[in-house]
1. Restricting attention to region 14-27, does a residue exist that is among the charged types (D, E, K, R), part of a helix (DSSP H, G or I) and more than 29 Å from Lys176 (Cα to Cα)?
2. Got a sec? Which of Leu160, Leu146 is of a type in the set (A, V, I, L, M) and farther than 21 Å from Ser102 by Cβ?
3. So which residues in region 1-40 are aliphatic (A, V, I, L, M) and without any contact (Cβ under 8 Å) to a residue 40 or more places away in the chain, if there are any at all?
4. Filter region 154-166 down to residues that are in contact (Cβ under 8 Å) with a residue 24 or more places away in the chain and not in a helix (DSSP H, G or I), then give me how many there are.
5. Take region 163-185 and flag every residue that is charged (D, E, K, R) and farther than 18 Å from Ser122 by Cα.
6. Looking at Phe107, Phe129 in this structure, which one is surrounded by 15 or more Cβ atoms within 10 Å (Cβ to Cβ), of a type in the set (Phe, Trp, Tyr) and under 19 Å from the mean Cα position of the chain (by Cα)?
7. Quick test for you: out of Ile96, Ile100, pick the one residue that is under 30 Å from Asp181 (Cβ atoms), open to solvent by 40 Å² or more (accessible area, probe 1.4 Å) and in contact with a helix residue (DSSP H, G or I) (Cβ under 6 Å, 6 or more places away or on another chain).
8. Quick one: in region 150-200, which of the residues that are more than 19 Å from Ser73 (Cα to Cα) and hydroxyl-bearing (Ser, Thr, Tyr) is most open to solvent (accessible area, probe 1.4 Å)?
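The values are calculated or read from the model by the stated rules, or taken from the named source; none is laboratory data. Everything numeric here is computed off the predicted structure, so don't read it as measured data. Virtual Cβ from ideal backbone geometry, glycine too; neighbours counted across all protein chains shown. For the accessible areas, the whole protein counts, side chains as well, though only heavy atoms, and no ligand, DNA or RNA atoms are used. Shrake-Rupley method; radii C 1.70, N 1.55, O 1.52, S 1.80 Å.
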Amino acid sequence: MIVVLGIGPGNENYRLQGMTKYLSRADIMIGSKRQLMTIPAVPASKKMALPRLAALKAYFEEHPEQNNVLLASGDPLLYGIGTWITANIHNQKIKIIPGISSIQYMFHQLELSMNDCYLTSSHGRTPDFDFLLQHSKVGMVTDQQLGPFEIGQEIKKRGLHRKIYVGERLSYPDEKITQYDETTIEQRKYEMNVVVITNA
């Protein structure tokens, strides 16, 4: 069995209480170095560093009898690895446990309703900005290739005006949330960030 376990935005205070039973039953817990470090209750002998996806698929196929727990930051089915699992693993039972997404956390920190919000990601993709910017509220997970600064340039290029909220290292002690617009957004490296765009 494969359990894809949503562990929230980072801080253990934002994890669902029911996840403990899945960790206690795990033969192997798989995750990134950062994810594995946040769950000290599981012994090191049961932890496995997340390999490339092709190798991960092969591992699951070779160990169908194990209780494998795969950690997922945020929510597994919101631009997370849960989507990959359901598309690529077909011969095993899969259970996906939701978590609080970083986008959801960000909206709550801003005290901004998520109603009628368009959710997307720029991880490994280029969003359709003409379509995206038709929405009054957008929540987006970004990466180093297309991040907050590039989003600001896309808004400026279209002659639009938007508020751009950037949340970095959300739920961690050094969390930082900054408000910009398309003219003030900084060209710099943004750490583990989420962008919320609203009509100004």
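1. Yes, because at least one residue in region 14-27 is among the charged types (D, E, K, R), part of a helix (DSSP H, G or I) and more than 29 Å from Lys176 (Cα to Cα).
2. Testing whether each residue is of a type in the set (A, V, I, L, M) and farther than 21 Å from Ser102 by Cβ leaves just Leu160.
3. Result: Leu36, Met37, Ile39.
4. Looking only at that region, the number is 8.
5. Correct list: Lys163, Asp174, Glu175, Lys176, Asp181.
6. Of the residues listed, the single one that is surrounded by 15 or more Cβ atoms within 10 Å (Cβ to Cβ), of a type in the set (Phe, Trp, Tyr) and under 19 Å from the mean Cα position of the chain (by Cα) is Phe107.
7. Testing whether each residue is under 30 Å from Asp181 (Cβ atoms), open to solvent by 40 Å² or more (accessible area, probe 1.4 Å) and in contact with a helix residue (DSSP H, G or I) (Cβ under 6 Å, 6 or more places away or on another chain) leaves just Ile100.
8. Going through the qualifying residues, I end up with Thr183.
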